[in-house]
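The values are calculated or read from the model by the stated rules, or taken from the named source; none is laboratory data. Since the structure is predicted, the reported quantities are computational estimates derived from the model, not experimental observations. Quick reminder, even Gly has a Cβ in these numbers, built from the backbone with ideal geometry, and neighbours come from all protein chains shown. The accessibility values were calculated without ligands, DNA or RNA, using every heavy atom of the protein model including side chains. Shrake-Rupley method; radii C 1.70, N 1.55, O 1.52, S 1.80 Å.
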Amino acid sequence: MSDSPRARSFPGASLLANVLAIIAGVLVTLSFAPFEQWWLGPIGAGLLYGALRMEGGGFLRAWWFGVGLFGSGASWVYVSIHDYGYTGMPLAVLLTMLFVACMALFPMLWMGLWQRLCSRKLDVLSFAAVFVLSELFRTWAFTGFPWLLLGNSAVGSPLASWVPVLGVYGISLIIALSGALMWNLALRRRWWAVAPLIVLWSAGLLLPTSWTQSGGQPARVALLQGNLPQLIKWSAEGQRRAANTYAAMTRAVQDDADLIVWPETALPMLRDQAEPFLERIQATLPPKTGLITGIVERDADNRFYNSVIPIDDPSAQYRKEHLVPFGEYVPLESWLRGIIGFLDLPMSSMQSGDSQQPPLMVSGLRIGVAICYEIVYPELVRQRALSSTVLLTVSNDTWFGHSIGPLQHLQMAQLRALENGRYLLRATSNGVTAIISPQGEIIAQAPQFEEATVTGDIRLQLGMTPWMHYGLLPVWILIALLLAPGLVLGINECLKARRQRPQDA
């Protein structure tokens, strides 16, 4: 798939295209937090489009793009495996490389098929559609990994107003389409690309700035960040330190707060073990103050759940639905358990909660909960938002260490707030704890790696954004409209070429 006969004969063209694909992946990473150079997203997508148009290497070239993207953007995997997974450096490096190589298979599969099946005519449109298909497939396949979605860079960009309408995948579609248009404009002098680029990036100015409305009285919230060391968390000393730390932090804010939130597994013990302590905490709280904490629950059948509970209601809880493979459960456990220390982490034998769980009712708020990794799943959070007036995510980002992971995690939480037009409370163990507005803006934020409390006023939000109402339906329609012409033309071209082969022979 070259742009011209000259491109086919250019010495080293294939090597150059592979390098461009790797650079494209790195540029996409730089469009996300903590770098937040959103304008590099379209450039990265454009470089990938251009690299794939050059001669040869379709599947492999798309794989190199994935290596650039996940090797730079998911480098925090090494920290989780090595620093907190009790795995030596050589094996941790090997496992990280294996993870990156496997993740790169997703763009390789879809972009390779795009090269083989879609016509060069209208490939600007089909490229954008297939790019988003690869992201959607990656969100679903093998429990999903919706990290580093191209649309995550929309926070703070001119495309932010599209987020409540089309969601993060719709933004990915716009950015991928823009990148292909930019390549045609800059490298091929296709001046017709100017008009759609202007429309894509300016039409959002006509959209409303807010799709939901505030209701009720303001609620004062306090999010506690204990900053306790992960390596001793599940020891007896870690349990004592956690109880003392969160008790003291709670006493400091309880008279002024309507809602206090402790992070994921704030108390490193089972709920039944923590009940006496939680009852003492509850007895000291003013009547108007509610407290929510993350904790591990054990049911009557001795199954364990990663949960969030209001401490004043023994019957209420949210149990994490979407578990992290190898972190909260081990696939093929009977074969893999015990091979390396990373597969024997605390909390690696969890059960998943039901898919239909009601919101938590605390302090007059209907709170939709997503625990840690769940916040990166747009459709899961949308389902929570439909029955809630406020969104809450608790997390233990200690696993990311001093990497770019926590800041990427925060940015994706901002997308969820913006998609659903809800205040979003984010309480984490050591950062980044934050209160996020319905417009996806950070109202208050704690510094990382410090004991800190974030306080602020929020209000329940009423109404729905278009994303909440329609979900992925508009995105699927756009994908079909962009992909169908190029796919039909490509199939017809293949059939025509096959019919001509015997005559040419």
Under 24 Å from the Cα of K320 - lysines, other chains or at least 8 residues apart: K233
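Going by average Cβ neighbours within 10 Å, how do the peptides 266-272, 351-357, 403-409 rank, with the highest at the top?
Values: 266-272: 18.9, 351-357: 13.4, 403-409: 21.1.
Highest mean packing first, the order is 403-409, 266-272, 351-357.
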query: Translational D (Stokes-Einstein, µm²/s) of the stretch 394-505 at 20 °C and 1.002 mPa s when Rh comes from the Kirkwood sum over C-alpha pairs?
result: 120
query: Nearest 10 degrees, 0 to 90: what angle lies between the long axis of helix 236-253 and the longest principal axis of the chain (Cα atoms)?
result: 80
- line: One would report the antiparallel percent of DSSP beta bridges in the chain, rounded to the nearest 5, as 60
query: Quick one: net charge of T389's neighbours, Cβ under 14 Å, K/R +1, D/E -1?
result: +3
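In nm, what is the difference between 0.36 nm times the number of residues separating E279 and L481 and their Cα-Cα distance?
Working: separation 202, 0.36 × 202 = 72.72 nm, distance 5.75 nm.
Gain on stretching E279 to L481: 67.0 nm.
May I ask for the net charge around R61, where only other residues with Cβ less than 12 Å from the Cβ of R61 are counted and Lys, Arg are +1 while Asp, Glu are -1? Working shown, then result.
Numbers: positive: R53; negative: E55.
Charge balance near R61 sits at 0.
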message: What is the angle, in °, between the Cα long axis of helix 163-188 and the longest principal axis of the Cα atoms in the chain? Nearest 10 is fine, range 0 to 90.
response: 30
- prompt: What aspartates and glutamates could a cross-link reach from K121, if we take a straight Cα to Cα line under 13 Å and drop same-chain neighbours fewer than 8 places away?
  reply: D3, E493
query: Expressed as a whole percentage, what fraction of the accessible surface of the chain belongs to carbon and sulfur atoms when a 1.4 Å probe is rolled over the protein heavy atoms?
result: 63
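Compute the Cα gyration tensor for the stretch 182-269, then decide on rounded, prolate or oblate, letting a ≥ b ≥ c be the square roots of its eigenvalues: rounded whenever a/c is under 1.5, prolate when a/b is larger than b/c in the other cases, and oblate in all that remain.
Numbers: a/c = 6.61, a/b = 2.11, b/c = 3.13.
Here the stretch 182-269 falls in the oblate category.
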Paramagnetic label zone (point 7 Å from Cα along Cα-to-C-beta, T455; backbone N under 17 Å) in the stretch 261-290: 261-262, 285-290
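Taking the mean number of other Cβ atoms within 10 Å as a proxy for protection, how do you rank 491-498, 390-397 from highest to lowest? Please list the in-between numbers first.
Working: 491-498: 11.2, 390-397: 27.9.
Output ranking for 491-498, 390-397: 390-397, 491-498.
Pairs of alpha-carbon atoms within less than 8 angstrom and 6+ residues apart define the contacts here; what relative contact order does the stretch 163-261 have, in percent?
24
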- line: Binned at 5 Å starting from 0, the alpha-carbon pair-distance distribution of the stretch 77-232 in whole percents comes out as 2, 7, 12, 13, 13, 14, 12, 10, 8, 6, 3, 1, 0
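Specify, per residue and in Å³, the volume enclosed by the convex hull of the alpha carbon atoms belonging to the stretch 388-431.
On the way: hull volume 2.4 nm³, N = 44.
For the stretch 388-431, the hull spanned by Cα atoms encloses 54 Å³ per residue.
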field: Separation of the S235 and V488 label points, Cα + 7 Å toward Cβ, nm
entry: 6.8
statement: With only helices counted (DSSP H, runs n ≥ 4, each -39500 (n - 2.57)), the per-residue ellipticity at 222 nm for the chain, to the nearest 500, works out to -15500 deg cm²/dmol
task: Specify the inter-centroid distance of the stretch 461-493 and the stretch 21-44, based on alpha-carbon positions, in whole Å.
output: 24
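Looking at the stretch 119-200, which trypsin sites (Lys or Arg not before Pro) are in a loop (DSSP not H, G, I, E or B) and have at most 11 other Cβ atoms within 10 Å? All intermediate terms of the calculation are to be shown ahead of the outcome.
Working: sites: R120, K121, R138, R188, R189, R190; in loops: R120, K121, R189, R190.
Filter output for the stretch 119-200: R189.
Per residue, how many Å² of accessible area does the chain show with a 1.4 Å probe?
Values: 20900 Å² over 505 residues.
Spelled out: the 1.4 Å probe surface of the chain, per residue, equals 41 Å².
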field: Rel. contact order, % - alpha carbon contacts under 8 angstrom, at least six apart, the chain
entry: 17
- request: State the Cα centre-to-centre distance between the stretch 382-456 and the stretch 110-136 in whole Å.
  value: 34
query: To the nearest 10 degrees, how steeply does helix 405-420 sit against the main Cα axis of the chain, on a 0 to 90 scale?
result: 90
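DSSP loop (so not H, G, I, E, B), at most 15 other Cβ within 10 Å: list which chymotrypsin sites (Phe, Trp or Tyr not before Pro) in the stretch 390-486 pass both filters.
Values: sites: W399, F400, Y423, F449, W467, Y470, W476; in loops: Y423, F449.
Within the stretch 390-486, the qualifying chymotrypsin sites (Phe, Trp or Tyr not before Pro) (loop, at most 15 other Cβ atoms within 10 Å) are F449.
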